[in-house]
Amino acid sequence: MKVLLMGHPNVGKSVFFNRLTGANVTESNYPGTTVDYTKGWMKIEGEDVELVDVPGTFSLDPKDKAEDVAVAMLHETKDAKVITVIDASKIERGLYLALEIIEEGYPVVIALNMWDVAWDKNIRIDARNLEKILGVPVVPTTAISGEGIKELVSRLKSAKPVEVDDIIANAGGLT
């Protein structure tokens, strides 16, 4: 299995990467660019899993070299699962990218990272309801402290592609 860590710049992807892989890291340049990405390995239920810390991107419509690399890495890895890391204190920004990745047909797990920051800003997110609407696992996390990491990893195996029509139908109950 291969897992891509995707999200905006500065949402904590590299903190997740370091926590999940430890010292088992390889930094590389994407061919033809000077944009770095990092690969490493972790174990899930005894299985070796490749983890890739993809350069930050705001959408799948790239605007710069780093975003070009992020989108290319996603499209070149059709069999990957994707952990979409979202800054929980700015959730509306991150959901756009998450929905784009879901729409592409990838199995996604959403990490609502910086949960502690959102809480401190009095931002309350109903993660269970968001999970019900999106049809993908949604896990509140604080990567810097490790909170939620074990649950995030345990939910990767159950991640499956979701039809956008199902999300629209699930969201219909919100009106």
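Of 72, 66, all but one fail to be in a helix (DSSP H, G or I) and surrounded by 19 or more Cβ atoms within 10 Å (Cβ to Cβ); the exception is 66. For region 76-105, a tally of residues being closer than 13 Å to residue 60 by Cα and touching a residue at least 60 places away in the same chain (Cβ under 8 Å) returns 7.
If you check 81, 65 for being at pLDDT below 95 and basic (Lys, Arg), only one passes: 65.
The values are calculated or read from the model by the stated rules, or taken from the named source; none is laboratory data. Because the structure is predicted, anything quoted here is derived from the model rather than measured. So basically every Cβ, Gly included, is an ideal-geometry build from the backbone, and we count neighbours across all protein chains shown.
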